Structure formats: C-alpha cells, structure tokens
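Participant: Quick one: the structure is below, questions incoming.
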Amino acid sequence: MKSSMKPAVVQVAPDELKQIEKLILRNRDTISEEVKGKYESFRIRITGETVVAYTSGKIVSSGPQSDAVVQQVVRNLLGSIEEQDVDITIGSDEAGKGEWLGPLVVAAVALTPKQSRILQSLGVMDSKEIPITRMAEIALSIRQNCQSEKKILIAPETFNKRFDELQSEGKNLNDLLAWAHAKVISEIYGGIPSSKKLKVVIDEFAREKTRQRLERSIPLEDIELIQRPRAEDDISVAAASILARESREDWIDRYSDRLGIDLRELSPYEAINRSDHHSFSKIQYLKTLTKQK
C-alpha cells in the first residue's frame, strides 16, 4: 500500500547540494540514481522512497523515512562563515502589502544559527512557496524553534484611516511599513542580551526610511543591518514571512466566518458594492482595481 503522505520540501543554497548528496549517501539503504533532466542535481533512493534535489536548491522527499534523512543531514550541515559571525539573526517581512483583502501584517523572528538550520530542515522557506494548507503547521514549528517572534496586525479599517493620514502628510505606504518593521524588530531587540552579536535582515522596500526609523530605538552601530531584495532566502526572513502570512490568512478566515461568506471568493467589484467593504478591504487598493473615485 502506497503512502498518502504529501512530498516534503526543503530549500537550501544551491552550492550546498553536493555536500548534502554526499552526506545522504553515507546512510544505509541509499542508492544513487540517474537524474531525469537538466534541472535535477541528484536523485537518491532510500528504502523505497525517493529524494530528488533540483539545481534551484529545492529538495523533495517522497516519504517519511527519506524526509527524516534529509532533515537530519540539513541540520548537521556545517554553518557558513556568515552564520558563525553572529549569535542571533532578526529577520522581518510583511504580508498583505499589495492585496486589497484583509489586514497588513508585519512580523519579525529572531533565530540562532542552529535554530535556522532546524527550521530550514522542517521546510521553512519563502511563504509564497508554501501551500496554505501547511502554513499553520510550519508556523507552529517556527514558534517552537525561535528565540523570539513579534507581529503587528493592522486591520483594514485602521489601515484605511492611517493611509489617508499619511497621504494628507505627503507620505505613503513605505512610511507605514518602515514604522511597523522598526517596531517589531526593536521589540525583539529589547529582549536580547547586549552581549549577543546581532544581524538584522529586512526585505528591502525603502532603505533610508527604514534605517531612520530603526535608529530611533536601536543603536545601529552595534548590529549588522542588511536590507536587500528577495531577503526571504535568509531563514529568519522566511520565518517572518510565514508568520505574517499565517496571521493574515487567519484574520480572513475569522472575518469570513463573522460575515457568513468566504471573502476570498469575492471579486473586487462585488466587494466594493457591499456597504461593509471598508471593514475587510483596503479601500484605496479596491478603488484602483475597480477604477472608482
């Protein structure tokens, strides 16, 4: 009888694949197989299950035994020089920034190098790569394997009010994001011993505004601050993106139950014609989509 388990997916750096392949093949009952296509890095058979690694760094295990082997190998990988240079990495990311439905959520997560490897082995990666059906499970793993985590949820009605205030002040969404990222990062920073060497990684959106906000609550000369595009390849940022997305999806579920409808099934035109659309949608985004003034 075949297992009904869904394939498990782990994302690693592409340059780690050769080392991972060697470590997997050290296990008993493993057989190296011929790859199928140019996008496969290696293919290994483990007691009737298959591990396929792709050149992108994605590793897919077909069953629980192969998944367990991959998890252990990834956890045991030697930390990179970058990881050894810091004691804790704080990563932050957001969800709902460009969507009309639901809240804007900004999250931050603090991880040691060991915790980063553990979460990586459990499938933590950019939240956009994770099925919504696995979001709660992986979010729980993050909460159980991190130093600290913080979130800010800005509900649609609050977002709409704050957005109008920002526009009247000649500001924009990036000012709100910079405030929220700085707040969750500074709250985590305040609980970390000063003896720890820290790195902060942020998915870049407004470099100078974010730095200025952080400077108000964190001595930036004491930490390494990295702002860059596609920062989700850092496990701390990926973990933050998952917690932010899970919180947003949970809010939409709860508000759908409250209204007795599935909000995700509403089109922008259906939404804006409801008298209560201000309570579950970002009005400016909705107006842009429907071209209403």
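Participant: Checking the conditions here, which among SER279, SER236, SER241, SER247 is modelled with pLDDT of 95 or more and not assigned by TED's automatic domain parsing to the domain that holds ALA108?
Facilitator: SER279
Participant: Which members of segment 224-244 meet the condition of being surrounded by fewer than 21 Cβ atoms within 10 Å (Cβ to Cβ) and not basic (Lys, Arg)?
Facilitator: Answer for segment 224-244, where residues must be surrounded by fewer than 21 Cβ atoms within 10 Å (Cβ to Cβ) and not basic (Lys, Arg): GLU224, LEU225, ILE226, GLN227, PRO229, ASP233.
Participant: If you don't mind, another one. Within segment 6-48, track down each residue that is outside any loop (DSSP other than H, G, I, E, B), touching a helix residue (DSSP H, G or I) at 6+ places or on another chain (Cβ under 9 Å) and free of Cβ contacts under 8 Å to residues at least 24 places away in the same chain.
Facilitator: ILE31, SER32, ILE44, ARG45, ILE46
Participant: Another one. Working carefully through the options ILE202, ILE185, ILE192, find the one that is among the aliphatic types (A, V, I, L, M), surrounded by fewer than 22 Cβ atoms within 10 Å (Cβ to Cβ) and closer than 11 Å to ILE90 by Cβ. Explain how you work it out, then say what you get.
Facilitator: Values: ILE202 fails: surrounded by fewer than 22 Cβ atoms within 10 Å (Cβ to Cβ); ILE185 fails: surrounded by fewer than 22 Cβ atoms within 10 Å (Cβ to Cβ).
Exactly one residue qualifies, and that residue is ILE192.
Participant: Another question, if that's okay. Out of SER267, SER217, I need the residue that is at pLDDT 95 or above, more than 24 Å from ALA13 (Cα to Cα) and hydroxyl-bearing (Ser, Thr, Tyr). Which one?
Facilitator: Selected residue: SER267, the only one of SER267, SER217 that is at pLDDT 95 or above, more than 24 Å from ALA13 (Cα to Cα) and hydroxyl-bearing (Ser, Thr, Tyr).
Participant: Counting residues that are touching a Pro at 6+ places or on another chain (Cβ under 7 Å), which helices (runs of 4 or more DSSP H) fully inside segment 130-247 reach at least 1?
Facilitator: Those helices (runs of 4 or more DSSP H) span 156-168.
Participant: Suppose the filter is among the aliphatic types (A, V, I, L, M) and under 17 Å from the mean Cα position of the chain (by Cα); does ILE138 pass it?
Facilitator: yes
Participant: Here is a follow-up. If only one of SER116, SER127 is more than 10 Å from the chain's Cα centre (by Cα) and crowded, with 19+ Cβ neighbours inside 10 Å, which one is it?
Facilitator: After ruling out the rest, the residue left standing is SER116.
Participant: Identify all residues within segment 266-293 that are of a type in the set (A, V, I, L, M, F, W, C) and in a helix (DSSP H, G or I); write none if there are none.
Facilitator: Those that are of a type in the set (A, V, I, L, M, F, W, C) and in a helix (DSSP H, G or I): ALA271, ILE272, ILE283, LEU286, LEU289.
Participant: I would also like to ask the following. Mind listing whichever residues of segment 194-211 are at pLDDT below 90 and over 21 Å from the mean Cα position of the chain (by Cα)?
Facilitator: SER194, SER195, LYS196 - these are the residues of segment 194-211 that are at pLDDT below 90 and over 21 Å from the mean Cα position of the chain (by Cα).
Participant: For residues that are farther than 15 Å from VAL10 by Cβ and crowded, with 16+ Cβ neighbours inside 10 Å, scanning just segment 132-141, find the one that is modelled with the lowest pLDDT.
Facilitator: My answer is MET135.
The values are calculated or read from the model by the stated rules, or taken from the named source; none is laboratory data. On a predicted model such as this, the values are computed, not experimentally measured, just so you know. Positions of Cβ are backbone-derived with ideal geometry, glycine not excepted, and every protein chain shown enters the neighbour counts.
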